[in-house]
Amino acid sequence: MSTLKPLIAGNWKMNGLRADMAEFAAMAQGLTAELSNAADAMICPPFTLIAAFANHPDRRAMAVGAQDCHTAGSGAHTGDISAAMLADCGASAIIVGHSERRQDHGESDALVADKAKAAWDAGLTAIICVGETESQRRGGTTLAVVEQQLAGSVPEGATAQNTVIAYEPVWAIGTGLTPGTKDVAEVHAFIRSFLTQRLDAEGKAMRLLYGGSVKPGNAAELLAVADVNGALVGGASLKAVDFLGIIQAVA
């Protein structure tokens, strides 16, 4: 396992109502000092719950993030949310370039890079997502796809403090399927090499998360892979018992 402190980040996607604050509270209450020392923990709820989570009396060491932002700091962009607004709500990070944003909204690498810069401008960490589709995996172009996404999505000025990279094979998200640890190791080693060549020491110190059907049952194996410095968790982050179980895998 890496010497970098792991980050376990939960992406709630379009899930969560005020009634689910009890689940968040259970997660925060279960985040003991031992678990907090073992890993940083973060929940990224929908926009409607960010302020409530960030100001929850039981939040303790649980960080709160967002799932997207606009590239502009303000302006005539009906229905959009700026990084500055998210920071004002209490968010400390923003997921950008998730495959569901790339697919559902046609987000390009250049747009993802601009969103990452917007997060930085607001003093927030950008969690930049990359990953291949099933057809790309079958076609043997995984590393080429990831390289293109990294080259286009990670802006100049990226550091280990303002940026986290999340590798999520698109075909593994929400399907229950996961690549073998050998495949995960190959992609994470490639990402580390790319970042180190481009960013030198900052690339060596940047946290790389694995995402794609991470669960308590497979977390220990996945998080033990070299250059896997945490996880971006989807469905298993909606329940305290599952999310805390993943954190316990690194404790």
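Go through LEU35, LEU86 for me and flag whichever is open to solvent by less than 50 Å² (accessible area, probe 1.4 Å), under 12 Å from LEU124 (Cβ atoms) and assigned to a helix (DSSP H, G or I). Full working, then the answer.
Working: LEU35 fails: under 12 Å from LEU124 (Cβ atoms).
On inspection, the qualifying residue turns out to be LEU86.
From the list ALA39, ALA51, exactly one residue is more than 18 Å from the chain's Cα centre (by Cα) and either at negative phi or touching a residue at least 24 places away in the same chain (Cβ under 8 Å) (or both). Which is it?
Working: ALA39 fails: more than 18 Å from the chain's Cα centre (by Cα).
Exactly one residue qualifies, and that residue is ALA51.
From the list ALA144, ALA201, ALA126, pick out the single residue that is surrounded by 15 or more Cβ atoms within 10 Å (Cβ to Cβ) and among the hydrophobic types (A, V, I, L, M, F, W, C).
On the way: ALA144 fails: surrounded by 15 or more Cβ atoms within 10 Å (Cβ to Cβ); ALA201 fails: surrounded by 15 or more Cβ atoms within 10 Å (Cβ to Cβ).
Step by step, each of ALA144, ALA201, ALA126 is checked, and only ALA126 is surrounded by 15 or more Cβ atoms within 10 Å (Cβ to Cβ) and among the hydrophobic types (A, V, I, L, M, F, W, C).
Consider HIS56 carefully, then state whether it is open to solvent by less than 60 Å² (accessible area, probe 1.4 Å) and within 17 Å of LYS117 (Cα to Cα). Walk me through how you get there before you give the answer.
Values: open to solvent by less than 60 Å² (accessible area, probe 1.4 Å): yes; within 17 Å of LYS117 (Cα to Cα): no.
No; evaluated as a whole, the condition is false for this residue.
State yes or no: is ALA219 buried (at least 20 other Cβ atoms within 10 Å of the Cβ) and assigned to a helix (DSSP H, G or I)?
Working: buried (at least 20 other Cβ atoms within 10 Å of the Cβ): yes; assigned to a helix (DSSP H, G or I): yes.
Taking the combined requirement at face value, the residue satisfies it.
Would you confirm whether any residue within region 128-141 is closer than 16 Å to GLU186 by Cα and touching a strand residue (DSSP E or B) at 6+ places or on another chain (Cβ under 8 Å)?
Yes, because at least one residue in region 128-141 is closer than 16 Å to GLU186 by Cα and touching a strand residue (DSSP E or B) at 6+ places or on another chain (Cβ under 8 Å).
Filtering region 162-183 down to residues that are open to solvent by 40 Å² or more (accessible area, probe 1.4 Å) and in a loop (DSSP other than H, G, I, E, B), which residue is modelled with the lowest pLDDT? Give the steps one after another, and end with the answer.
Of region 162-183, the ones open to solvent by 40 Å² or more (accessible area, probe 1.4 Å) are 171, 174-178, 181-183.
From what's left, in a loop (DSSP other than H, G, I, E, B): 174-178.
On the way: GLY174: 80, THR175: 83, GLY176: 80, LEU177: 80, THR178: 77.
My answer is THR178.
Could you please tell me which pairs satisfy a Cβ distance under 8 Å, a separation of 6+ or placement on different chains, a first residue in region 15-30 that is within 20 Å of GLY174 (Cβ to Cβ) and in contact (Cβ under 8 Å) with a residue 24 or more places away in the chain, and a second residue that is open to solvent by 70 Å² or more (accessible area, probe 1.4 Å) and of a type outside the set (Val, Ile, Thr)?
Cβ pairs passing all conditions: GLU23/LYS239.
Which pairs turn up if I take residues in region 236-251 that are at pLDDT 95 or above and look for partners that are among the aromatic types (Phe, Trp, Tyr) with beta carbon separation below 6 Å, at least 6 apart in sequence or on another chain?
Note: pairs meeting the criteria are SER237/PHE243.
In region 16-32, what count of residues is obtained for those that are open to solvent by less than 70 Å² (accessible area, probe 1.4 Å), under 26 Å from CYS129 (Cα atoms) and in a loop (DSSP other than H, G, I, E, B)?
Total satisfying the criteria: 2.
Scan region 174-191 residue by residue and report those that are of a type in the set (Ser, Thr, Tyr) and over 15 Å from LEU208 (Cβ atoms). Let's see the steps before the verdict.
The initial filter retains those residues of region 174-191 that are of a type in the set (Ser, Thr, Tyr), namely 175, 178, 181.
Answer for region 174-191, where residues must be of a type in the set (Ser, Thr, Tyr) and over 15 Å from LEU208 (Cβ atoms): THR175, THR178.
Could you grab me the full set of residues in region 147-161 that are open to solvent by 20 Å² or more (accessible area, probe 1.4 Å), part of a loop (DSSP other than H, G, I, E, B) and out of contact with any helix residue (DSSP H, G or I) (no Cβ under 6 Å at 6 or more places or on another chain)?
Step one: list which residues in region 147-161 are open to solvent by 20 Å² or more (accessible area, probe 1.4 Å), which gives 147-149, 151-152, 156-157, 159-161.
Of the ones still in play, those that are also part of a loop (DSSP other than H, G, I, E, B) are 156-157, 159-161.
Within region 147-161, GLU156, GLY157, GLN161 qualify.
Among the residues that make up region 189-210, is at least one of them closer than 22 Å to ARG101 by Cβ and assigned to a loop (DSSP other than H, G, I, E, B)? Lay out the reasoning, then the answer.
Going through region 189-210, the residues closer than 22 Å to ARG101 by Cβ turn out to be 191, 194-195, 206-210.
Retained after the next criterion (residues that are assigned to a loop (DSSP other than H, G, I, E, B)): 206-207.
Scanning region 189-210, I find at least one residue that is closer than 22 Å to ARG101 by Cβ and assigned to a loop (DSSP other than H, G, I, E, B), so the answer is yes.
Just the residues that are of a type in the set (S, T, N, Q), closer than 22 Å to GLU221 by Cα and at pLDDT 95 or above, please, taken from region 1-30.
Pass one, region 1-30, residues of a type in the set (S, T, N, Q): 2-3, 11, 15, 29.
Still in the list and also closer than 22 Å to GLU221 by Cα: 2-3, 11.
Listed by number, the list holds a single entry, ASN11.
Tell me yes or no: at least one residue of region 184-197 is more than 25 Å from GLU134 (Cβ to Cβ), touching a helix residue (DSSP H, G or I) at 6+ places or on another chain (Cβ under 7 Å), of a type in the set (Val, Ile, Thr) and buried (at least 22 other Cβ atoms within 10 Å of the Cβ).
No.
The values are calculated or read from the model by the stated rules, or taken from the named source; none is laboratory data. Nothing here was measured: the structure is a model prediction, and the numbers come from that model. Here the Cβ is made from the backbone with ideal geometry for all residues, glycine too, and neighbour counts use every protein chain on show. Remember, those area values only see protein heavy atoms, side chains included, never the ligands or the DNA or RNA. Shrake-Rupley method; radii C 1.70, N 1.55, O 1.52, S 1.80 Å.
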